[in-house]
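Please treat every number below as a calculation from the coordinates, not as lab data. Every value quoted in this text rests on a predicted model; they were computed, and no experiment measured them. Cβ placement follows ideal geometry from the backbone for every residue including glycine, while neighbour counts extend to all protein chains displayed.
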Amino acid sequence: MNYPELLNTIRKLTYCRIAVTGVPRSGVGFSSRCLSHDLGFNLVMPEVFAWNDYKLFIHNVCLRQRYVVACPGLLPYLHNMPGDVFIVVCNRNMVDVERSQSKVGIMESEIELDLYRQYRLTGNLNKCKMDFIERHIAPMRAFEYLEFESLKSHPLYVRPGEIAKSMHIATETSSRPRHPKKRRKKPHRMAANQR
């Protein structure tokens, strides 16, 4: 589903709790920011529930109203989420995802890989996660895929080359001509015997 369709679906069905998940670097954080911005909902980042602590998520997040939560670490628990939480799974070209993961240094976790392998899934961690969604989450829980490419027309989207450019411009525009510092005269102190 593309972003405008997803936004209309959420508005039409009057959901007030949205969970956005997917493999790391698939656009979970950006999608969450866009949804939060466009719906006027609070944005909850994964640090609030220590990235993958489902009990902490239920305790700290699930009872709230009008929120969008970025929760890539809660993928194994999607089927347990309350029924009034609308689930969005970010879908991005896997080559782009893996390129982005290597750029920021995301490594596969053997512990996490073992978690998915107990479901008889094979391949790298990204493939296991996507297969897990299709084979184990889809039969138990409704969700919508969000195509990452459809977010590139969103006003919050900044193209990769523009990030460095905008940071450079901000640095240039914020720098003012510097004037040499004037030296302050130190106050003269009298010696104890001159008082």
Query raised in the report: Quick one: which of 97-104, 130-137 comes out on top by average Cβ neighbours within 10 Å, and what's the full order, highest first?
Result: 130-137, 97-104
Query - Under-5 Å amide H pairs with Phe86, H placed in peptide plane, nonlocal only - result: Arg17, Ile18, Ala19
Report task. Could you go through the stretch 133-140 in sequence order and give the Karplus-derived ³J(HN,Hα) for each residue, using 6.51 cos²θ - 1.76 cosθ + 1.60 with θ = phi - 60°, rounded to whole Hz, and x for Gly and Pro? Result -> 4, 5, 8, 10, 8, 3, x, 9
**Report entry** Residues with amide H under 5 Å from that of Leu146, placed H, sequence gap 5 or more
**Finding:** Val89, Cys90, Asn91
Requested in this report: Can you tell me what the convex hull of the Cα atoms of the stretch 3-170 projects to on average, as an area in nm²?
Outcome: 10.4 nm²
Requested in this report: At a Cα cut-off below 20 Å, give the aspartates and glutamates reachable from Lys127, other chains included and same-chain residues fewer than 8 away excluded.
Outcome: Asp96, Glu98, Glu108, Glu110, Glu112, Asp114, Glu144, Glu147, Glu149
